Amino acid sequence: MSNEDKPAAAPRSLAEALRARDDASLSALLRARPDLITPVPTDLTQLATRAGTRASVVRALERLDRFTLQTAEALAVAPDPATYDELLALMAGDDADRAVTNALPRALAALRDQALVWGSDDRLRLVRTARELLAPSPQHPSPTGLGPTVAEATAGMSPGRVQEILTAAGLPTTHDAVSAVASLGALFSDRTRMSALLDEAPADSLDVLSRLVWGPPYGQVTADPATRLRWLLDRGLLLPTAPGTVVLPREVALHLRAGRAHRSTEPLPPQVEIAATHRPPLVDATAAGQAYTALATVEELLKDWHEGGPAVLRAGGLSVRDLKRTAVALDVPEPTAAFWVELTYAAGLLASDGEAEERYAATPAYDEWLELPAAERWSRLATAWLAATRTAGLVGGRDAKERTLSALGPGLDRSAASEVRRRVLALLADLPEGASAAPASVLARLRWERPLRGTHPSPSPSSAPSSSDDLRTRLAEWTLSEAEQLGFTGRGALSSHGRALLGAPPAPAKPPAPSGPGDKLPVHHRHHDMPAEPQAAPLSPAEQAAAAAEATRLLAPLLPSPLDHVLLQADLTAVAPGPLERPLADTLGVLADVESKGGATVYRFTPASVRRALDAGRAASDLHAFLAAHSRTPVPQPLAYLIDDVARKHGHLRIGAASAYVRCDDDTLLNEILADKRSAGLRLRRLAPTVLAAQADPATLLEGLRAMGFAPAAESAEGDVLITRAHAHRTPPRAAPEPVPDGPPVPDTTLLTAAVRAIRAGDLASTAPRKPTADPAGADGGLPRTSSAETLATMQAAVLTGEAVWIGYVNAEGTASQRVIAPIRVEGGFVTAYDHTADEVRTYPLHRVTGVAELADDQA
């Protein structure tokens, strides 16, 4: 029989099972578990070893959905190896649940793809590390609630006691403990005989079993057990594990459960329910309004920190007091203020300046961002939010060392944040256009898809954790809230520009209308027996750029166009009925104070605000011309009088440095100042009829005289009026913070192809049979050491015959490896050969070849 006609032997190890896979299957494994190629394994044996390490298995288990995890948990309590029928019985029970029967092949295939299960359907084996993590023990109860088998529970029991249990259970005694335990286990596994035994049990004894059947299987007993417990102990239905502790054997529990490993299985993902349905134009308009508010909030935040923001704490971040001040300035709650601060930081618009007295300030990128169209500015913010792993919702909480977590401080990164954010939005994208999801159903879906992520560092019972303990649940709740604030969603439904930025497909068809006002509609699925959708992967840079451009195109028509005018009113106010063009808004922000915000912004003119504009270098004529050019109403007479009155007094007094002096051509005005009791603190004295000297510095003198009702102006050493403008403090160029990756990055196709090729070649080198050799060093199958002459002769012969050889090689760094090469030529102390490991032609110095052996004829 030829090799092609021989049936494939069953794999004896995970390495052999991986060796039987094709390249596509290996690539899928490495893509799903990228930690396995960091670094690239030398061969498939090393890959299998790495796939069985505790850290890697825990990470793989954390990425299983609930039903696939339940399948792994059932395999952990099944015989090793188990058959497919035994696994199905544990999952479906005696009633053979059809949904479980249909879903089990998919779950088992997922476990095989992840290299957590190997073997054929008649010999299924769970990876040993996964079995240890999921199998029951007194310290770590099984997620299934099952206890140890009869054989495990009676391991330390005396042979005489085992024989007594057999007699009480109505079984014949045996000659040894092993056969006695086997006989007892066979009784408990036989449904008919077990039912007959339990029919004889007292009712209160059955009540004890019912309390232990679904776990935990351990109970406490006294030294003199009650009659109901004694009946169970005598027949082995409860077995002692330690003084005062008994356990319900696994076989007994499975009989009472009708063969089920779990109280309830969840083969299908919970459906996301529709809470309400809105007209898509209304959703987009609402989201666009929120997007515009988001842009205005970010601008207001950085305008408030224009001349340098709050100081950086010694440990990093904002102080609680500064966060409160920011919240008051933005007129939002503190958690919302923390979100805007963190978003601005994630977008690279805000950073610390790095000075000796470190403060937060806008970055140079903020000035570039301001020059962009509004829709593009929103796309920049939303893109940064999608990828960010810093989690504003944690602000105010405490870390593992009970230290308070502060905004912009360390300890806020959560690697799962971006994944959860994208997944929540992807679930919203699966809804019909204009539909919002019931938050509880979204959270339930996430718990089904990743029951272990964000709950415990190691696998635990698969029941849903509480919201306060489940990080993924909190991340999802924060995502729904932040998406609404940012304008990604409107009225809870995903907007068209949000869908475009997410890179999601078009919305599905609209479902039938609800029959009642309180009804909730489920999401329409094409196939109700299909598994959960895979996790939404981040877009590539090119795809993200295209998505941002499309989102900008969709959002731009929905944002209000900037206005070039205001409405001046007789009560010294100006009303901006919408967003203003930036030059107009900047000038008006200096000339007047913002009194109220909303759909329309109200500005109020005061003597102080007009003086501020004059201090910035504007003349009274400039202000009159500016207001006349940008007002749709005539300039009110009170406003014109206010400007002229402040301008007439402005600069009449001159302040300079003596420490400071006051200069004025009107000596009677100086006499008035000296006579005013409020000037005593300035310690003024006359130097000349038109000059007063002061002990205070110029700034203090300037503010003091203004408080007295005068309108002085500062002057330079040359006697010119100083024009004062707010100093825009900027940090040096700063890059936006990099998101913290959730484990090793997913390799691209090129890296996967190269990794699989290298693993295959390394496996060939380590498993290829060699021709028999007389060298004792190679008697055990290892590579023999050969002399330089033998190495040269073997290489030259291989060049002539075209055969491949197996070599040991030490590189310049001293790292030893084994390779399969096909020599092409040998000259000058070097061999040029095709290296199967690297899949390329390479040249090797012969003096670094430690040994060479010919391959067997069937491998040459």
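The values are calculated or read from the model by the stated rules, or taken from the named source; none is laboratory data. Everything quoted here is computed from the prediction, not taken from an experiment. In this analysis, Cβ positions are derived from the backbone assuming ideal geometry, glycine residues included, and neighbour counts consider all displayed protein chains.
Number of residues in the range 131-182 that are over 24 Å from ALA78 (Cα atoms), hydroxyl-bearing (Ser, Thr, Tyr) and surrounded by fewer than 14 Cβ atoms within 10 Å (Cβ to Cβ) equals 3. Taking the range 353-464 as the region of interest, the helices (runs of 4 or more DSSP H) fully inside it that hold 2 or more residues being in the same structural domain as GLU307 (by TED's automatic domain parsing), β-branched (Val, Ile, Thr) and modelled with pLDDT of 90 or more are 417-429.
Scanning the range 601-617 for residues that are at negative phi and either assigned by TED's automatic domain parsing to the domain that holds THR297 or part of a loop (DSSP other than H, G, I, E, B) (or both) yields a total of 3.
None of SER189, SER195, SER158, SER210 is farther than 30 Å from LEU88 by Cβ and among the polar types (S, T, N, Q) except SER158. Could you tell me whether LEU116 is within 34 Å of the chain's Cα centre (by Cα), surrounded by 22 or more Cβ atoms within 10 Å (Cβ to Cβ), farther than 18 Å from ARG33 by Cα and of a type in the set (A, V, I, L, M, F, W, C)? Against the criterion (within 34 Å of the chain's Cα centre (by Cα), surrounded by 22 or more Cβ atoms within 10 Å (Cβ to Cβ), farther than 18 Å from ARG33 by Cα and of a type in the set (A, V, I, L, M, F, W, C)), LEU116 does not qualify. Those residues that are over 19 Å from ASP190 (Cβ atoms) and surrounded by fewer than 23 Cβ atoms within 10 Å (Cβ to Cβ), I need them from the range 235-261; list them, please. Those that are over 19 Å from ASP190 (Cβ atoms) and surrounded by fewer than 23 Cβ atoms within 10 Å (Cβ to Cβ): PRO240, THR241, ALA242, PRO243, GLY244, THR245.
Where residues in the range 576-586 are of a type outside the set (Lys, Arg) and surrounded by fewer than 17 Cβ atoms within 10 Å (Cβ to Cβ), which of them is farthest from ALA628 (Cα to Cα)? Checked the range 576-586; the qualifying residue farthest from ALA628 (Cα to Cα) is GLY578. Of all residues in the range 16-48, which are charged (D, E, K, R) and either in contact (Cβ under 8 Å) with a residue 60 or more places away in the chain or under 16 Å from ALA109 (Cα atoms) (or both)? Residues satisfying the conditions are ARG19, ARG21, ASP22, ASP23, ARG31, ARG33, ASP35, ASP43.
None of SER609, SER621 is within 22 Å of TYR641 (Cα to Cα) and surrounded by 15 or more Cβ atoms within 10 Å (Cβ to Cβ) except SER609.
Of all positions in the range 252-264, none carries a residue that is of a type in the set (S, T, N, Q) and either touching a residue at least 12 places away in the same chain (Cβ under 8 Å) or part of a helix (DSSP H, G or I) (or both).
For the residues ALA346, ALA329, ALA315, the requirement of being outside the structural domain of PRO579 (by TED's automatic domain parsing) and at pLDDT 90 or above singles out ALA346.
As for the range 477-494, it holds no residue that is in a helix (DSSP H, G or I), of a type in the set (S, T, N, Q), in contact with a Leu (Cβ under 8 Å, 6 or more places away or on another chain) and at pLDDT below 95. Looking across the range 270-292, just one residue is assigned to a helix (DSSP H, G or I), polar (S, T, N, Q) and within 26 Å of the chain's Cα centre (by Cα), and that is GLN290. Has the range 651-673 got any residue that is of a type in the set (Phe, Trp, Tyr), in the same structural domain as LEU705 (by TED's automatic domain parsing) and either touching a Lys or Arg at 6+ places or on another chain (Cβ under 7 Å) or surrounded by 19 or more Cβ atoms within 10 Å (Cβ to Cβ) (or both)? Yes, some residue in the range 651-673 is of a type in the set (Phe, Trp, Tyr), in the same structural domain as LEU705 (by TED's automatic domain parsing) and either touching a Lys or Arg at 6+ places or on another chain (Cβ under 7 Å) or surrounded by 19 or more Cβ atoms within 10 Å (Cβ to Cβ) (or both).
The selection criterion, being at pLDDT below 90, outside the structural domain of GLU86 (by TED's automatic domain parsing) and of a type in the set (Asp, Glu), does not hold for ASP207. The residues on offer are THR363, THR344, THR326, and the sole one that is over 30 Å from ALA547 (Cβ atoms), buried (at least 22 other Cβ atoms within 10 Å of the Cβ) and among the hydroxyl-bearing types (Ser, Thr, Tyr) is THR326. Taking the range 804-852 as the range and being among the small types (Gly, Ala, Ser) and free of Cβ contacts under 8 Å to residues at least 60 places away in the same chain as the test, the residues that pass are ALA804, GLY808, ALA812, GLY814, ALA816, ALA822, GLY828, GLY829, ALA833. If you go through the range 675-696 and pick out every residue that is surrounded by 14 or more Cβ atoms within 10 Å (Cβ to Cβ) and farther than 21 Å from ALA608 by Cα, you end up with 11.
Here's the yes/no breakdown for (1) more than 48 Å from the chain's Cα centre (by Cα); (2) at pLDDT 85 or above:
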| position | (1), (2) |
| --- | --- |
| ALA812 | no, no |
| THR815 | no, no |
| VAL820 | no, no |
| ARG825 | yes, yes |
| GLY829 | yes, yes |
| THR837 | no, no |
| GLU840 | no, no |
| PRO845 | yes, yes |
| VAL849 | no, yes |
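Considering the range 618-651 alone, what residues qualify as being of a type in the set (Gly, Ala, Ser), under 24 Å from ASP666 (Cβ atoms) and outside any helix (DSSP H, G or I)? Listed by number, the residues that qualify are ALA619, GLY651.
Quick one: would you say ARG193 is out of contact with any Leu (no Cβ under 9 Å at 6 or more places or on another chain), at pLDDT 90 or above and part of a helix (DSSP H, G or I)? Criteria not met by ARG193. Return yes when ASP199 is surrounded by fewer than 18 Cβ atoms within 10 Å (Cβ to Cβ), over 40 Å from the mean Cα position of the chain (by Cα) and within 19 Å of GLY147 (Cα to Cα) and no when it is not. No.
Just for the range 76-91: of the residues that are among the small types (Gly, Ala, Ser) and not in a helix (DSSP H, G or I), which one is surrounded by the most Cβ atoms within 10 Å (Cβ to Cβ)? Result: ALA82. Counting only residues that are part of a strand (DSSP E or B) and among the β-branched types (Val, Ile, Thr), the range 784-835 holds 9 of them. Does any residue of the range 784-801 turn out to be touching a Lys or Arg at 6+ places or on another chain (Cβ under 9 Å) and either in the same structural domain as PRO39 (by TED's automatic domain parsing) or modelled with pLDDT of 85 or more (or both)? Scanning the range 784-801 turns up at least one residue that is touching a Lys or Arg at 6+ places or on another chain (Cβ under 9 Å) and either in the same structural domain as PRO39 (by TED's automatic domain parsing) or modelled with pLDDT of 85 or more (or both).
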